1. Where Rh is the Kirkwood radius over the Cα pairs of the range 405-455, the temperature 20 °C and the viscosity 1.002 mPa s, what D in µm²/s does Stokes-Einstein return?
2. In the structure displayed, which of Lys587/Lys816; Lys370/Lys410; Lys295/Lys315; Lys371/Lys466 lie more than 25 Å apart, Cα to Cα?
3. Keeping all protein chains in place, calculate the accessible area per residue for the range 548-609 (probe 1.4 angstrom), answer in Å².
4. Roughly speaking, what is the centre-to-centre gap between the range 457-511 and the range 12-60 when only Cα atoms are used, to the nearest Å?
5. Read phi for every residue in the range 109-118 and hand back ³J(HN,Hα) as whole Hz from Karplus 6.51 cos²θ - 1.76 cosθ + 1.60, θ = phi - 60°, with x for Gly and Pro.
6. At a 1.4 Å probe, what is the % contribution of carbon and sulfur to the accessible area of the range 648-803?
7. Determine the distance separating the Cα centre of the range 356-409 from the Cα centre of the range 718-754; give it in Å without decimals.
8. Skip the ligands, DNA and RNA, and give the accessible area per residue of the range 672-750 with a 1.4 Å probe, whole Å².
Amino acid sequence: MASIGSIQIPRRLPLLLTHDGVLLPGSSMRVSVDSPGNMDLVRNRLLRGTSLKSTIIGVIPNTRDPSTDTEELPALHRIGTAAIAVQVVGSNWPKPHYTLLVTGLCRFQITEIVKTQPYPVAEVEQLDRLEDLSTKEEFKEALGDLSEQFYKYAVQAPLSPACLGTEANAYLVDMLDNSVPAVAKLKKLLDNLPRELLPDILISIIRTTNEEKLQILDAVGLEERFKVTIPLLLRQIEGLKLLNKTRNPKMDEDKRVVAIRPLKKLGGISGKGFSLENADDDDDDDADDIIILEKKVKSCNMPEQALKVCMKEMKRLKKMPQSMPEYALTRNYLELMSELPWSKSTRDRLDIRAARILLDNDHYAMAKLKKRVLEYLAVRQLKNNLKGPILCFVGPPGVGKTSVGRSIAKTLGREFHRIALGGVCDQSDIRGHRRTYVGSMPGRIINGLKIVGVNNPVFLLDEVDKLGKSLQGDPAAALLEVLDPEQNHNFTDHYLNVPFDLSQVIFIATANTTATIPPALLDRMEVLEVPGYTQEEKIEIAHRHLIAKQLAQHGLTPQQIQIPPETTLEIITRYTREAGVRSLDRKLGAICRAVAVKVAEGQHREAKPDATETVDVEDTKAGLSEDSRARDIGDPADLTLPPEMPILIDHHALKDILGAPKYEIEVFERLNQPGVAIGLAWTPLGGEIMFVEASRMDGEGQLTLTGQLGDVMKESAHLAISWLRSNAKKYQLTNTSGSFDLLDNTDIHLHFPAGAVTKDGPSAGVAIVTCLASLFSGRLVSSDVAMTGEITLRGLVLPVGGIKDKVLAAHRAGLKRVIIPQRNEKDLEEIPVNVRRDLNFIFATALDEVLNAAFDGGFLLKSGQELLNSKL
């Protein structure tokens, strides 16, 4: 057995081949074990060993690329380090491997390889014979002044400035922060170590390459080892000095030169140009990033209050170890503060004439909305510091609310950002999270400002009516400060915890209905109604915008497909029933996809002239029979037109592509018996016609209501039956037994079809009265009339809302007459002229007028005549 000090190492040592480092005597290193030989060594030797001797292994540097490792034993380095395995850690992810913590003992030389499987074992000869120089005098005689000079460079001041070419106070350990416990321990350790061990210890501490460590490992003689190590030590000192001069040119002499951070693993120390083995080398870059971050914070022109908070956080960051979780949180906060547009803004390039042209080109119809937007833009042009108002576009889906907001941003030359609020139920989404919480982040307002990079963008708060409420707070209440022009100049996000000026931001909100918007939030905004489109407007929109967009998206040209206005009208009336144009856009996309298939097949046939399908151009020019035309032109899969002719989408092709029509005109079928009337309803998706059906049967005078009705609708039904009972004699209304008491031995069932759809609102009273009057009188309601309005117990007709949407729904359904309350006559000004021309409006103030208009020949007149005939 050989010996070094009091530690015995075996003559035979199992060999651990390392790829990523060189272990020197007296130093520690972590080794990742994943090769088959090293894995077998750990399993069979280290994990099964029971004595100290079984944990002593030989660590040999393997300079070959580990990715080219094979089962054959590579050419081994002749000199290695005997080491003791202090710790073994295993893991199965991402693949089985071990991590060893080994500490070097002494050098050895391989004399013979005893075996290679399952892991290499070698006969070794110890090279370090330090016990031969046991006394200091003998050591001095052997090495001269080399050891003293090396010790002074490392621990004490140099003998003269000429030794280093620097000032006399430049030496390695003192250039570090002695207040750090690891540095104090290092200095004490170097003072107590034997001089002959210093080269190996210090080379493992300072920054060197693996090739330089191999030179130290191969330096068996002490004199050679000192001579090789001294230049590396001087290089490290020079690097530290140069870095300190560039970083701290004006730092006081009594302050620390370099502040290093406590160690992250294995007691490693890392500073600028200084590192222990296995310490993170990223600290150099991190310190550079902190200085750059500090410059960014100072140069972003933030308010004094925000800058004061940032500089305080910056001081904490510099003193904080990177291993602390708060380090990343503080750094993320400072990076966000430096990226916010405190003083960056875009300059408005507003021209009202250009804005009018842009709005007209981008949006057809919507005259009232575009007029208000132009007024808003004109005021902004005359008064740059305009506060408010907050515009809120309310209307059904697909009418262009979001695109109008984007056009406003385009007109002003500002950045545009959309914030989707649908389903948001946490106030932190608006105000942000406090930084004391894990995973905290700023709110959507501040995050949007970071994304656009300017402090005066156009923010579109989409679907503001769909905000929720939960245990985490009410986001609608959090929006109150954001949308108040008198408060948002010092909006405070919980994450920032400093005020941010939102007064330059243009906020535009969209909603489908104002019913679900809290009153306080609604009061902050100016509501602009965006009703649905008429059929003529949809046709214009389709041919101006939608068809061109779909052709571009599907790679088609107008020379390949033609969609005439008649086809567009059929799509609007029979395949879509909506206030906007989204379903129309989807149907046009389906047509373009079908035509794209045919065009691609035609190109394929042109590329293959020997294809079996041929086209008889003469037959096409001469004309096809009706059945052949329906078969050949109607089916997009069997189109036989020449490739140079456009594919015409007519009625037959439309039916084959989109299928059978989804909507049919069923008004006349539904009104062919008494007890049915047509009402008009408003929904967030636009206006709809609503059938009201009633039937009577023998019973006990009960009123049954079905069809998912709300409380208001139920009250309207009870009002209607009470008014008819009180006026039964006047209108000669009787039940099944001929009694004027309509509920005497009679049950009434009132039904609103489409029972799965919830219906509520104060607008169905007149329709219910007309339906019940038809039921009890046995007369049919006119098939071309629809009505809307609420009633009182005395028979007055009250005004309702949503007149334009309801009138458009009646127009889409092909009705000719509409009964509305007299007080709603002013609302007809919003309805397009062509729609008013097609419809006949009857204005009613009482139910008598409603019944006279709803029945052919008048309800009172005929009932009075019947009463006269009965008297005669």
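The values are calculated or read from the model by the stated rules, or taken from the named source; none is laboratory data. Bear in mind the structure is a predicted one, so any value in this text is a computation, not a measurement. Cβ sites come from the backbone with ideal geometry, for glycine too, and all protein chains shown count toward neighbours. These accessible areas exclude ligands, DNA and RNA; they are computed on the full protein's heavy atoms, side chains included. Shrake-Rupley method; radii C 1.70, N 1.55, O 1.52, S 1.80 Å.
1. In µm²/s, the coefficient rounds to 172.
2. Among Lys587/Lys816; Lys370/Lys410; Lys295/Lys315; Lys371/Lys466, the Cα-Cα distance tops 25 Å for Lys587/Lys816; Lys371/Lys466.
3. 50
4. Here the two parts' Cα centres lie 62 Å apart.
5. Values per residue, Gly and Pro as x: 10, 6, 9, 6, 8, 7, 8, 10, 10, x Hz.
6. Here carbon and sulfur together make up 51 percent of the probe-accessible area.
7. Here the two parts' Cα centres lie 51 Å apart.
8. Here the per-residue accessible area is 46 Å².
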